[in-house]
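Inspection log for the structure reproduced underneath, given as structure tokens.
The values are calculated or read from the model by the stated rules, or taken from the named source; none is laboratory data. Everything quoted here is computed from the prediction, not taken from an experiment. Here Cβ is always computed from backbone atoms with ideal geometry, including for glycine, and neighbour counts include all displayed protein chains.
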Amino acid sequence: MTQVFDGNIPIYLQIMDLIKKQMISKELLPGQKLSSVRDMSKQLEVNPNTVQRAYVEMEREMLVYTKRGQGTFIVNEPEVVLKLRQEMVLDRVAKFVREMEEFGFSHDELLKIIERHLSE
């Protein structure tokens, strides 16, 4: 799986975002084991330390946990994934609205555009 990374954002943050997307899309399920650091680094073609940092940061966010000698797992709490989903959606919507406001769109114009897009 060759992943194209944005040079403006630290790679470990992009790996975290990738895993979070897999969690909310149910590609990764609560309690499921993540790939080992070594395997993930090979898949993504990045340094193992970068993957390790992503895993450590996700553990700090209490999205994953590590069992010594067994690996890193998605937390087995569906409400955590639901909260993550809500946070990610709100973050992206806020970013979108800010960008559209910078382009000069009013809220009414945005609503009409979104409604038209959703009805297609």
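Applying the selection to the range 24-40, what residues are surrounded by 14 or more Cβ atoms within 10 Å (Cβ to Cβ), modelled with pLDDT of 95 or more and not in a loop (DSSP other than H, G, I, E, B)?
Val37, Met40
I'm trying to understand the selection: among the residues of the range 41-64, which are free of Cβ contacts under 8 Å to residues at least 12 places away in the same chain and either at positive phi or crowded, with 18+ Cβ neighbours inside 10 Å (or both)?
Across the range 41-64, the qualifying residue is only Ser41.
Quick check on this structure: which one of Asp6, Asp17 is under 17 Å from the mean Cα position of the chain (by Cα) and over 19 Å from Arg85 (Cβ atoms)?
Exactly one of Asp6, Asp17 is under 17 Å from the mean Cα position of the chain (by Cα) and over 19 Å from Arg85 (Cβ atoms), namely Asp6.
Among the residues of the range 86-104, is there at least one that is touching a residue at least 40 places away in the same chain (Cβ under 8 Å) and either out of contact with any helix residue (DSSP H, G or I) (no Cβ under 8 Å at 6 or more places or on another chain) or surrounded by fewer than 10 Cβ atoms within 10 Å (Cβ to Cβ) (or both)?
No, that holds for no residue.
Output the residue which, of all residues in the range 41-61 that are in a helix (DSSP H, G or I) and of a type in the set (A, V, I, L, M), is nearest to Phe5 (Cα to Cα).
Among residues in the range 41-61 that are in a helix (DSSP H, G or I) and of a type in the set (A, V, I, L, M), the one nearest to Phe5 (Cα to Cα) is Leu44.
Going through the range 47-72 one residue at a time, which ones are closer than 17 Å to Leu29 by Cα, within 17 Å of the chain's Cα centre (by Cα) and either β-branched (Val, Ile, Thr) or not assigned by TED's automatic domain parsing to the domain that holds Lys21 (or both)?
Matches in the range 47-72: Val64, Thr72.
Any residue in the range 1-29 that is more than 19 Å from Val56 (Cβ to Cβ) sitting within a Cβ distance under 6 Å of a residue that is surrounded by 10 or more Cβ atoms within 10 Å (Cβ to Cβ) and of a type outside the set (A, V, I, L, M, F, W, C)? List the pairs, counting only those 6 or more apart or interchain.
Listed pairs, sorted by first residue: Met1/Gln43; Ile24/Arg85.
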